[in-house]
Structures are given as C-alpha cells and as structure tokens.
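Taking it in order: structure first as structure tokens, then the write-up.
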Amino acid sequence: MLFFIHKYFRRPMKAPGGDKESNKHEQGGENKIEEPSEACATGCCPIPLLNLVESGNTKRQRRATTTRISRLNFVKLTTDSIFPNTHFASDESLPAFPDAFSSFITVYPQYGETQQADHIRNSEYYHLSSHVCLDYTGFSLFSHAQMHSSVASSSSNPPPSTLSQPPFFSISYKSASLKCQVQYGNQDTALESSIRKRIMHFLNMLDDEYSMVCTANRSTAFRLLAESYPFHANKGLLCVYDYESEAVTAMIESAKKRGAKVTSASFSWPSLRIHSGSLMEKLSKRKKKKRGLFVFPLQSRITGAKYPYLWMTMAKENGWQVVLDACALGPKDLDTLGLSLIQPDFIICSFFKVFGENPSGFAGLFIKKSSIAMLEPSTIARSIGIVSIIPARRLSQLTDDYSGTDLDAHSSRNQFEEDDIETISSFSGPIPTQICNGSAGADDVFSESAVTETQKRVKKSNQGESSKAQDEKEETSSSIIELELDHSMQAEETMSGADKSMEIVCRGLDHADSLGLLLISSRLRCITNWLVVALKKLRHPHSESGHSLVKIYGPRIKFDRGPALAFNVFDWKGEKIEPALVQKLADRSNISLSCGFLNNIWFADKYEAEKDKVLERRSSCVITIAGNKNKENANMGISVVNASLSFLTNFQDAYRLWTFVAKFLDADFVEKERWRYITLNQKMIEI
C-alpha cells in the first residue's frame, strides 16, 4: 500500500471531475473541475498520489508530462493497431482465435508478462475453460481446486475436524443491532475469526482502526447502515451511482422513512463522467458541521467509469461521513487508497466462496472505530441480516447454501430461482435465527429454558427505567444476551479440541496477493480496451447509414477505465435488441452476462436533442403522477447488457464474447435460435 504525508495530500489543487467535453457545457460555467493529470506511470491509480511526496513543481510537472504522454501513446496504439481500417459484417469474417491472439500480443506485448495469472487459472480454476464468467464482482475467498479437493478428501467418512475447514462454511443469522454487534459481538468461532483476520489483512485494514460485521449480502449491509445511522440529526444522503442499484435503493427507502433527504449525483452524456459542478454544489450546500452520508463507489460496476478518490476528501471537508462501496473494485484496487489518509467512515465489500460458481458468501460492513459511537440502537435492524460464519454441518450445503452477494445487475445464472433467493437472502422482514438452509438440529439450539431465562434477564435489567430509556436498554441487553447464546451455540458446533488460533487458507485471496495490483491492472487494461475496439468494429452489412452492431456506454478506449462494459446490441434497422434476450442467448453459449439500468444521466444543451432517443422508461416502474418530475426522471434511463472482467479473465474470454455478439450480424440469428430450441424440445422463455 502507498502511504503519503497528509500535508502534501491536502495541497491546493483543482477538484476532481469530469472530462473537458462535459465540463464545457455545465450550468453557469462555475465550479468547473478538471481531473488532475498527475499520475503514476504504471497507471495503477486513477487519481494518483505517488507524486505528492515529491518536492517542487518541476518534479511534479515532469512526472505529469511523462504520464500524460504514456497514456496518450497507449490510447493511440490501441486505436491505430487493432484491426486498422477494418470492419466486420458477419461472424464468419472474424479472424480465427490464433490469428486474433497473435495480433493482440503484437499490440500489447506487456500481456505476456501476466502469464502467472494464466497458470493460476489453469491449475486452480480449470472449470473456466468451458465457461466465460463475466457476471461477477467482489472478492473470491477460495479456489475451485481447493473446494473440490476438500470435497474429495471429505467424501468418505471424514473426521469431524475436516468439516470445519473452508469452503465448508455456512452462515447463521443473529438477532442484534449493528451497534450492539460491534460493541459486544466479537466472540467469533475459530473459523470466523480466522477468515475475518485474513480478510482484514487482504484489505490492509488494522483491527484498531476498523471493526468488521458480516451481513447476509450487500443489500442487507446498506440497509443495516441506514437503519442505524442518525438521520434525524444528519439528514443528508448523497449517492454517486450511474446505474440502478438494488442495494442502494434499499438503503434509500430505509433512510427516507427515518427522515433523510436523498440526493444523487448526475452523470454527463455521453461520457457518463460525474457532472462536477452539480456534485460540488450538493456537497457544499448549506454550511453544516454534520451533513449525513456520502455513498461513493470508486468505479461504476456497470460502465467501468472510474471516479477520483479526492471526492471523498472533499466530502469530509464539507462535513459528510463517507461510505465507500468497494464491491465493484478489483481484488487489489484498495491497495492504491492509502486508508491511513482517506479513512472512510464505512466500507462495504462482497465476498463469495469460489469464482465462477454459485456466488454464495456474505458481505462485510467495515466501521471506523471512531464512528461507532454515533450509531443508534434499532429494533428493526435486529431483523435485517447480521450473520455469523460457522462450520457447515454437511457436505450437501456446498451446493444448497446460498446467502448471495447480491449483485445489482441481474445475473444470467438461471440455477438461482427467485423463490430461493427470496427465502434465504431477502432483507425485508424478520430473519430466522436458525442456520441457513435448514441445517440439521439447528431449530433446537435455543432451548425453551434458555429463551425463558433470556426474557427474565431482559425484563429485570429494564425495571425502573423510563419508557424511552427502557426501550433502548432492552434492545441493548437482549442483543448482548442473544449474542452470548449465539456464541454458546457456535461453540457447541465447533469440534472439541479445535484450535482457536487456526489458520484458514483462502487461496482465492492468496492468488490475488501473489499477482499484485500492477500485474492485474495491466492485464485487464489490455483485454478491456481490445474488447471495446473489437466490438466497435462490428457493422451491419448493406446498411445505408452504416449502423454499428454495438453501442458502448461510458468510457471507450482509455488507459485507466475500469474492467466493465455497458453495451447494447442493435439490429440492421437500428432497433435495440432487448438486453434480457442478449443475456439469455449468451447463456446458451456458456457466457454469463448481466443486465443493468443506467440512470441519473444529465444532458447538456449540445446533446438535448438526443435525450428522447436515448432514454427509455424503466419497464418495471409504475406510471408516475403528472407533475412529479423528479420521480419521473428517476424512472428514465437506459437498459444495458453488462460484462464485468476479473483478474482471472483471459483473452480467450473476450474473444468468445466478441464472436458471440458478432452472431447478431445475421439478421435471422434470433429466429434461428428460437427454432433450434423448438427442435431440441426446449421450453420457450418469452421475453
């Protein structure tokens, strides 16, 4: 991790923001913010901090010039060297894979330096050879080989201690408020304690700086925070998302019920960069010491747009408390943060067991120690979804267990039926205290006598208190008691003689550590930018207007763009093919994609004429009441297909996606697929 001196970090400089194109048309022409051009030459930091420790303007200017030239050269090389002066009008005209890869390596020789990632993929994630996984964001704890070797070793009468090893873990729900859990709920099982320590080490967090609370999924983490934050005193909730997020929506709904005033950042069309002037105004509006929560992702998980770190510093300087949504970041992206300087009050991450399989797992809500005191006890928060990581009781849970990392975009993994997700990982309503997925004997954990004793102790602890104080004390006392009982339950599940200091090997995290930030960034930069150019080279044949097959939203060719693409496929008439249909057809080709909905888009006067052509009404939204312009605007956006690349993605994955999308150049492709399904006696799914 990079560490820097605070006084340099706070030097006067222009604030972060959008590109010159969008800033040129911002309202009033004030508060225009240009993104600083200084950057590390390796490109590991979107808003680099490395040169802040250098003294003198000469060094900074020299580094900025070198970096700017390096980035410009990369963009020019990508634009000029990938299929120069060539367009493809049919999938049959595409180059064969060996030829495409040879051309790719010629343009990006640095990709050859990332062979270590290919070795890891081939040996530890061999299931990816037949499946292109482009619908994952978050952190993978274990490897596919690790999981299946554990299954093999446990298949015939394994010793009890074997079942306590990952990935044989499940989750059990706790009935406790967030504040109580942080203050009194740190009595983990050996398994949870070990995994927690490994995660904290992976994220470069110290126990004396942050506390970690495990939640069922990402949505529960956001809603849990909303139910525990004092919005009655700090009413603001400012979110920075260019897409519709189910988790953030859950947070907004809870916050509004508790009196919060919700606002959102807007994003300039067509770059979809942050509308800087508007966000600056919202950050600095109404001078107050405490404003509320500023919810900030460092990059969009749908478009791949990266946002400057300095927005968090500016928010803090204007009295906001910062929630860093790190769920869309790569496995080592947090290494560029320098958490000792930019210490968010809250950080949310998603963790799943194995990349490319059932994305069961949990979310982590990290709370800065100095921010714990301001959290409020909440009866509602006790039923939202704080969980414990416990040893799985049986091998069948490896396939049945689903807590869900709660990806915002709709995944194409059709093995997860809606009913299953609703039953196990819903964040609304009370959550059962038994172990997830009906572990044998879990219902008998809290005996009748234990529950009766709990009630007596709670009643006794609250005698003589006023009504309000009684409610708060009852909530706190009962939470502590239930946490103690839960700990006893977990202790019973832990095998006798288990070592409390056991070390859990998380090979998924180990692999990311071994590759490091620079190698991962370089690898994904090459693949992502190649894919952007390759998709833009697909054009419909015999089209008078030269319709492109694919439209990409957000950043195009860019040195520091994130490894995610938002795009749509259009037929030869220029009409959009429904993203859900593209997703399902991709799934038949063993390519997993997601769907998303872009919103909060701002059109400058220059692009106002495109607004009606570009925006569409969200299909699931209810018709808004006439005159409610804000609600109507919130329901307008763009439905898109999303592809998210990970450090295990290779060039062949990108090539397979490209050749799949090229099939839509055939005007009869969709109809042929329908007939193929009928021929195979498959059930048609209506779009």
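Can you tell me which condition residue 394 does not meet? The list is (1) modelled with pLDDT under 85; (2) among the basic types (Lys, Arg); (3) closer than 24 Å to residue 138 by Cα, and all the others hold.
(3)
So the check is Cβ under 9 Å with 6+ separation or different chains; which pairs have a first residue in the stretch 356-380 that's free of Cβ contacts under 8 Å to residues at least 40 places away in the same chain and a second one that's in a loop (DSSP other than H, G, I, E, B) and among the hydroxyl-bearing types (Ser, Thr, Tyr)?
Short answer, once both residue conditions are applied: none.
In the stretch 71-114, which residues are loosely packed, with under 11 Cβ neighbours inside 10 Å and within 29 Å of the chain's Cα centre (by Cα)?
Answer for the stretch 71-114, where residues must be loosely packed, with under 11 Cβ neighbours inside 10 Å and within 29 Å of the chain's Cα centre (by Cα): just 112.
For the stretch 588-624, give me each residue that is at pLDDT below 90 and hydroxyl-bearing (Ser, Thr, Tyr).
619, 620, 624
Residues are listed down the side, and each one gets a yes or a no for (1) in contact (Cβ under 8 Å) with a residue 24 or more places away in the chain; (2) assigned to a strand (DSSP E or B); (3) within 26 Å of the chain's Cα centre (by Cα); (4) closer than 24 Å to residue 648 by Cβ:
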{"site": "515", "(1), (2), (3), (4)": "yes, no, yes, yes"}
{"site": "525", "(1), (2), (3), (4)": "yes, no, yes, yes"}
{"site": "541", "(1), (2), (3), (4)": "yes, no, no, no"}
{"site": "557", "(1), (2), (3), (4)": "yes, no, yes, yes"}
{"site": "567", "(1), (2), (3), (4)": "yes, yes, yes, yes"}
{"site": "582", "(1), (2), (3), (4)": "yes, no, yes, yes"}
{"site": "586", "(1), (2), (3), (4)": "yes, no, yes, yes"}
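Considering only the stretch 179-289, give the strands (runs of 3 or more DSSP E) lying wholly within it that have at least 2 residues that are of a type in the set (S, T, N, Q) and touching a residue at least 60 places away in the same chain (Cβ under 8 Å).
Once the strands (runs of 3 or more DSSP E) in the stretch 179-289 are filtered for at least 2 residues that are of a type in the set (S, T, N, Q) and touching a residue at least 60 places away in the same chain (Cβ under 8 Å), what remains is 210-215.
Among the residues in the stretch 485-494, are any of a type outside the set (S, T, N, Q), touching a strand residue (DSSP E or B) at 6+ places or on another chain (Cβ under 8 Å), surrounded by fewer than 18 Cβ atoms within 10 Å (Cβ to Cβ) and modelled with pLDDT under 90?
Scanning the stretch 485-494, I find no residue that is of a type outside the set (S, T, N, Q), touching a strand residue (DSSP E or B) at 6+ places or on another chain (Cβ under 8 Å), surrounded by fewer than 18 Cβ atoms within 10 Å (Cβ to Cβ) and modelled with pLDDT under 90, so the answer is no.
The values are calculated or read from the model by the stated rules, or taken from the named source; none is laboratory data. Just so you know, these numbers come straight off a predicted model, no measurement behind them. All Cβ positions, glycine included, derive from the backbone under ideal geometry; neighbour counts span all protein chains shown.
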